[in-house]
Structure formats: C-alpha cells, structure tokens
Amino acid sequence: MSHLECKYHPYAVLIEDSHAGDMVCSMCGLVVADRVIDVGSEWRTFSNDANAKDMCRVGASENFLLDGGDLSTMISGPSPSDSRQLDEHGKPMYRNRRNISAPDRVLLSAFREISQMGEHLNLPKSISDHANLLFKQVHETKNLRGRSNDAVSTACLYMACRQEGVPRTFKGDSVISF
C-alpha cells in the first residue's frame with residue numbers, strides 16, 4: 001500500500017472518516033483517499049485482558065469437558081428424496097441433528113442440571129464450572145454407575161461449594177434438586 005499524504009501539506013495528520021470511507025487532510029480538508037476499506041475487526045479487542053472473551057474466532061464455544069472438545073461436524077443428513085423423511089405437509093423434515101455419544105449426552109444433561117441449580121441458588125458460574133468438572137471426574141471413574149444423576153449432580157454442586165469456600169447445607173441443596 002502506498003503512503004498517503006496531502007499534496008499541499010505532506011506532514012499534516014490525516015483524519016479518517018469511517019462513515020464516508022475518506023481520508024481527509026487536517027490542515028485544508030482535502031480528501032486524500034476515498035472509499036477506504038477498514039479491514040479491522042468490528043469489535044474492540046483488549047489483548048491485555050486475560051478474562052475477556054477472544055472475539056477473533058467464530059463458531060460455537062468449545063467444551064473441554066466433553067470428548068473431543070465438542071468439535072464435531074455433520075457432513076450431510078438423509079436424502080430429502082426419501083419419502084419417510086417428509087412431514088405431514090410433504091416438506092422434508094429437519095434431520096440434521098448432531099449425533100451425540102451416550103456419555104456426552106449424560107454429561108450435557110448433568111451440566112444443564114448443575115447450571116439450573118446454580119442459578120436457582122444464585123451461585124457464581126465458577127462454582128457451577130467446578131461442579132461440572134467434579135461430575136465429569138466421577139462419571140469417568142464409573143464409581144457411581146447406577147446412581148441417580150440428579151443426586152450425583154447435587155452432591156457435586158455441594159462439594160464445589162465446600163471446596164470454593166461458599167457455605168451451603170446439603171439438606172438445603174438437596175431440596176433444590178430437580
């Protein structure tokens with residue numbers, strides 16, 4: 001890209017009019033360049049803020065508690081010409097749902113329940129995230145197979161509260177269990 005400058009004031013500061021797409025000389029008002037394209041992001045980025053979301057990527061957020069980080073892709077669904085895939089109006093039914101493995105389905109259900117209980121108890125998201133991690137650890141060890149996921153979710157939320165130093169009573173938390 002060539003260096004832009006005013007032909008009458010080469011050392012003047014150029015002002016960018018982003019609405020019109022012009023570069024204007026600050027001394028005389030001469031339009032030095034028009035139809036300038038802004039290639040920057042449409043949002044503000046704070047690279048020094050470690051807690052901020054990184055908006056320079058697109059797509060669904062990754063969930064590292066699920067197998068594969070929840071990065072799955074559906075290439076194609078059933079053929080629309082298949083007559084069994086039509087609704088009562090003769091239109092193709094939506095069948096392009098993601099196939100979620102059984103263990104991930106259990107985890108997602110438990111995470112949803114933990115999140116709902118945490119919101120009902122007005123707990124910070126960090127405690128719900130900690131409870132999700134505890135549930136995943138319990139689920140992977142398979143020590144509590146056959147137990148109610150509701151009870152295990154409640155216990156994980158209670159343990160997360162204890163480990164994070166938020167006083168809760170197990171009796172009070174078990175009443176919240178859906």
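What to note about this one:
- The criterion of at least 1 residues that are modelled with pLDDT of 75 or more and of a type in the set (Asp, Glu) is met, among strands (runs of 3 or more DSSP E) falling completely within region 1-50, by 14-17, 22-25.
- Tally, over region 3-26, of residues that are within 40 Å of the chain's Cα centre (by Cα) and polar (S, T, N, Q): 1
- Condition check for LEU121: at pLDDT below 90, in the same structural domain as ARG168 (by TED's automatic domain parsing) and surrounded by 15 or more Cβ atoms within 10 Å (Cβ to Cβ): yes
The values are calculated or read from the model by the stated rules, or taken from the named source; none is laboratory data. Every value quoted in this text rests on a predicted model; they were computed, and no experiment measured them. Cβ coordinates were reconstructed from backbone atoms using ideal geometry, including for glycine residues, and neighbour counts include every protein chain displayed.
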